[in-house]
Amino acid sequence: MSNQLSLPDIYLSFFMFTTNMKPDDLDYRKTIIQHIKKLQTYGYTGFEFPIAPGVTQDYSKDLQDYTNLRCYLDEQGLANVKISTNVGATQTLDPSSSDPKQQQQALEYLKSRVDITAALRGEIMMGPIVIPYGVFPTTDCGTPIWSDELQEHLKIRYANAQPILNQLGEYAKCKNVKLAIEPITHWETPGPNKLSQLIEFLNGVDSKQVGVVIDSAHETLDGDGPDIFKTQVKHLAEQGRLHYIQISPPDRGAVHTSWLPWRGFLEPIMPVYQGPIAIEIFNAIPDFVNSLRLTRRKFWIPGEDPANQYPSAYEIAEKAIKTTQKKVQKIIYPKQK
Ligand code: XLS
Ligand code: ZN
């Protein structure tokens with residue numbers, strides 16, 4: 001029996017190494033090349049680049065820097081390497097703000113990130129681009145807002161953000177970039193935490209350029225379980241909004257030794273999704289240790305850290321892709337051994 005499904009591209013998130021690609025840093029460019037060339041030998045065909053918000057808000061400089069970075073990759077023989085971008089809203093660049101001026105600034109910022117994605121020849125820009133990542137709302141006196149009150153608060157914020165995301169979607173369409181919004185666990189961010197919340201949000205956004213990334217870590221922690229998940233994936237695929245998939249274990253660490261519900265997660269996805277699968281591992285780099293309360297050891301980074309007896313970032317990345325390929329293969333070709 002012939003099977004129409006083919007194996008997806010597998011990307012690795014640069015969160016294994018950094019939260020900032022430092023596109024104007026000529027030394028770091030060489031490091032990027034070193035990582036990519038090594039990781040290609042394991043089978044990675046693309047990479048997810050975190051695009052740091054930057055401090056200057058000089059978007060034309062940012063665009064030039066990332067354009068130069070792409071040129072450099074091309075010159076180094078990496079023209080075939082695919083790139084997606086990981087972008088977040090920030091506390092001051094927040095499309096869900098109730099201040100129209102801030103919303104416009106957020107729109108300009110997010111458009112600049114679409115431009116960067118296109119300059120990298122990327123077709124997917126993903127991440128928490130509706131509510132700033134990790135910024136938990138408080139009352140004016142600083143008391144945290146949770147549960148029902150939080151959901152009421154978020155209703156207003158989502159309604160604020162919907163028209164902005166729609167405009168961003170129209171802009172991104174001209175640049176051939178899909179926007180994949182990520183539901184993220186409540187341990188990390190106030191919302192959207194669940195696919196159901198994001199689907200409701202998207203009901204108020206016309207542009208189908210605006211869709212979702214489903215990350216297995218968040219889905220496992222905050223999702224609604226395998227039965228509802230099936231119907232959600234089907235619905236999103238029918239809408240043309242299933243833009244991106246990330247494989248990340250619940251502890252955000254090593255993939256090959258994790259409780260990842262491969263079958264329940266991938267079975268509904270694989271028949272309706274043709275895009276790449278990105279492996280996202282949060283290495284214990286300084287930017288993550290506090291915010292994610294990482295107790296585990298750092299996977300030492302070749303070229304940056306002294307070698308030790310524990311696994312390196314490369315070893316973890318190699319085992320992650322092998323495991324993922326095996327699991328995907330089992331679902332696409334269930335009869336093969
Ligand atoms: C997490 C996300 C990522 C960051 C925020 O799963 O993929 O977007 O956490 O930048
Ligand atoms: Zn993710």
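Values in this text are rule-based calculations from the coordinates and carry no lab data. Keep in mind the model is a prediction, meaning the values are calculated, not measured. Ideal geometry is used to build each Cβ from the backbone, glycine not excepted, and the neighbour counts take in all protein chains shown.
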**OP:** Show me 248-256, 9-17 ranked by packing, highest mean number of other Cβ atoms within 10 Å first.
**Re:** 9-17, 248-256
Subject >> Convex hull (Cα only) mean projected area of the chain, reported in nm² to one decimal >> reply: 17.9 nm²
Subject >> Virtual spin-label span in nm between residue 159 and residue 305, 7 Å along Cα→Cβ >> reply: 4.8 nm
**OP:** Take the chain, connect every pair of alpha-carbon atoms lying under 10 Å apart with a spring to form a Gaussian network, then pick out the residue of 243, 218, 153 with the largest mean-square fluctuation.
**Re:** 153
**OP:** Rank by packing, highest mean first: peptides 322-328, 162-168, with packing defined as the count of other Cβ atoms within 10 Å averaged across residues.
**Re:** 162-168, 322-328
Subject >> Compactness index (Cα Rg / 2.2 N^0.38 Å), the stretch 3-136 >> reply: 1.12
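Hey, what's the Cα Rg ratio for the stretch 58-173 versus the globular rule of thumb, 2.2 N^0.38 Å? Before the final figure, lay out the partial values.
On the way: Rg = 16.8 Å, N = 116, 2.2 N^0.38 = 13.4 Å.
Compared with the compact-globule rule of thumb, the stretch 58-173 sits at 1.26.
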Subject >> Electrostatic dipole magnitude of the stretch 78-122 [Cβ: Lys, Arg +1; Asp, Glu -1; Cα centre; debye, to 20] >> reply: 240 debye
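Compute the Kirkwood hydrodynamic radius of the stretch 138-230, taking the inverse of the mean of 1/r over all pairs of distinct Cα atoms, and give it in Å to one decimal.
Working: mean 1/r = 0.0699 Å⁻¹.
After inverting the mean inverse Cα-Cα distance, the result is 14.3 Å.
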Original post:
How high is the relative contact order of the chain, given as a whole-number percent (alpha carbon pairs under 8 Å, six or more residues apart)?
Top reply: 18 percent
Subject >> Dipole magnitude of the chain about its Cα centre (Cβ charges: Lys, Arg +1; Asp, Glu -1), debye to nearest 20 >> reply: 1300 debye
Original post:
What distance in nm separates the simple spin-label points at residue 80 and residue 175, each placed 7 Å from Cα in the Cβ direction?
Top reply: 2.8 nm
Subject >> Flagged links, alpha-carbon separation over 23 Å, of 30/175; 178/234; 298/319; 101/178 >> reply: 30/175; 101/178
Original post:
Using the beta-carbon distance between residue 121 and residue 288 and R0 = 30 Å, what value does 1/(1 + (r/R0)^6) give for FRET efficiency, to the nearest 0.05?
Top reply: 0.60
Subject >> Distance between the stretch 21-100 and the stretch 146-204 - C-alpha centres, whole angstrom >> reply: 23 Å
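In what sequence do 280, 170 fall when counting other Cβ within 10 Å, fewest first?
Ranked by crowding around the Cβ, least crowded first: 170, 280.
Helix-derived [θ] at 222 nm for the chain: sum -39500 (n - 2.57) over DSSP H runs of at least 4, divide by residue count, nearest 500? Don't skip to the end; give the middle numbers.
On the way: 10 runs with 140 residues, N = 337.
About -13500 deg cm²/dmol.
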Original post:
Which net charge results for the neighbourhood of residue 23, defined as the other residues with beta-carbon distances under 10 angstrom from its beta-carbon, given Lys and Arg at +1 and Asp and Glu at -1?
Top reply: 0
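Using a simple charge model, +1 on the beta-carbon of Lys and Arg, -1 on the beta-carbon of Asp and Glu, nothing else, what dipole does the stretch 56-104 show about its Cα centre, in debye to the nearest 20? Spell out each step's value before the answer.
On the way: 4 positive and 7 negative charges, 22 e Å.
Here the size comes out at about 100 debye.
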Subject >> Cα→Cβ-extended label distance, 7 Å offset, between residue 228 and residue 148, nm >> reply: 1.9 nm
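Over all directions, how big on average is the projection of the convex hull of the alpha-carbon atoms in the stretch 251-336, in square nanometres? Don't skip to the end; give the middle numbers.
Working: hull surface 28.8 nm².
Averaged projected hull area, Cα only: 7.2 nm².
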Original post:
Once the other residues with Cβ under 11 Å from the Cβ of residue 210 are scored (Lys, Arg +1; Asp, Glu -1), what is the net sum?
Top reply: +2
